[in-house]
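Encoded as structure tokens, the structure appears first; notes follow it.
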Amino acid sequence: SQQGEEDPQALSIQEGENATMNCSYKTSINNLQWYRQNSGRGLVHLILIRSNEREKHSGRLRVTLDTSKKSSSLLITASRAADTASYFCATVGGYQKVTFGTGTKLQVIP
Amino acid sequence: DTGVSQNPRHKITKRGQNVTFRCDPISEHNRLYWYRQTLGQGPEFLTYFQNEAQLEKSRLLSDRFSAERPKGSFSTLEIQRTEQGDSAMYLCASSFSGQGKLFFGSGTQLSVL
């Protein structure tokens, strides 16, 4: 079962542009995380935002969380070709159950 | 820290056969998760453990699927009487309770012919 739904499903941008991905979820959460997956590989953790936080930064990543709207966004600034991957939001509920969204496939064109 | 290890990397089996996958988590991690992922989809939750206790199994999972984590270390995921619809990437992840961040293995790709 999947908790989150991401938008857009696919995104194609030029190198240097910013990429924004959105995630909506259904139930209450303890925290929300974003992961990246290169084709055919396991997922890699990018950033975690707690339910009492509204915004968090890590390098070129900026995450926002609106618990009243049950939504989050991931912004990647100054994108690079190496950012090409699929990005997933993951909600963490009670007892640390982690449920993933449907993902956004990002292509950064050099 | 050698990371999360999954074996085998690939498994091809005939419909009706049983298969077993193994996951070795990062040694100090007490939580272990199993997910299934098909092409173009997000990881689908299957089950997870805290130490040796199985906390939840997805209601979407049939009785053909079973997972164990004896002694709270490695885990095995068994699929009995495989079906073509079981073909997918099976991902294992581990974490340290309270930290929240999951570390993933490279997965086991199952193909059921």
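Derivation of every value follows stated rules applied to the coordinates shown; laboratory data play no part. Every value quoted in this text rests on a predicted model; they were computed, and no experiment measured them. Positions of Cβ are generated from backbone atoms using ideal geometry, with glycine treated the same way; all protein chains shown enter the neighbour counts.
Some observations on this one:
- Note on A:98-106: average number of Cβ atoms from other chains within 10 Å of each residue's Cβ is 4.
- Label zone at B:Phe96, where the point sits 7 Å out along the Cα-to-Cβ direction: region A:1-40 residues whose backbone N lies under 20 Å: A:31-34
- Listed residues B:Ser27, B:His10, B:Gly72: farthest to the positive end of the dipole of chain B (Cβ charges): B:His10
- Between A:Tyr95 and A:Arg54, the contour length at 0.36 nm per residue exceeds the alpha carbon distance by 12.5 nm.
- Between the alpha-carbon centres of region B:1-34 and region A:1-47 there is a gap of 24 Å.
- Translational diffusion coefficient of the protein assembly as shown (Stokes-Einstein, Kirkwood radius from Cα pairs, 37 °C, 0.692 mPa s): 184 µm²/s.
- Under 21 Å from the Cα of B:Lys101 - lysines, other chains or at least 8 residues apart: A:Lys26, A:Lys56, A:Lys70, A:Lys97, B:Lys57
- Among B:Glu68, B:Glu78, B:Glu28, the residue with the largest mean-square fluctuation in a Gaussian network model of chain B, with springs joining Cα atoms closer than 10 Å, is B:Glu28.
- Checking every one of the GluC sites (Glu not before Pro) in region A:1-49 against DSSP loop status and a limit of 16 other Cβ atoms within 10 Å picks out A:Glu15, A:Glu17.
- For chain B, the relative contact order works out to 38 percent when only alpha carbon pairs closer than 8 Å and six or more residues apart are counted.
- Those aspartates and glutamates that a straight Cα-Cα span of less than 14 Å connects to B:Lys11, excepting residues fewer than 8 apart in one chain: B:Glu78, B:Glu83, B:Asp86
- Counting Cβ atoms of other protein chains within 10 Å of each Cβ in A:87-96 and taking the mean gives 3.
- With an a/c value of 1.5 or above and a/b larger than b/c for the gyration tensor axes a ≥ b ≥ c computed over the alpha-carbon atoms, region B:14-59 is described as prolate.
- Potential lengthening of the chain between B:Asp63 and B:Ser111 amounts to 15.3 nm, from the contour at 0.36 nm per residue minus the alpha-carbon distance.
- Relative contact order of chain A, taken over Cα pairs closer than 8 Å and 6 or more residues apart, is 39 percent.
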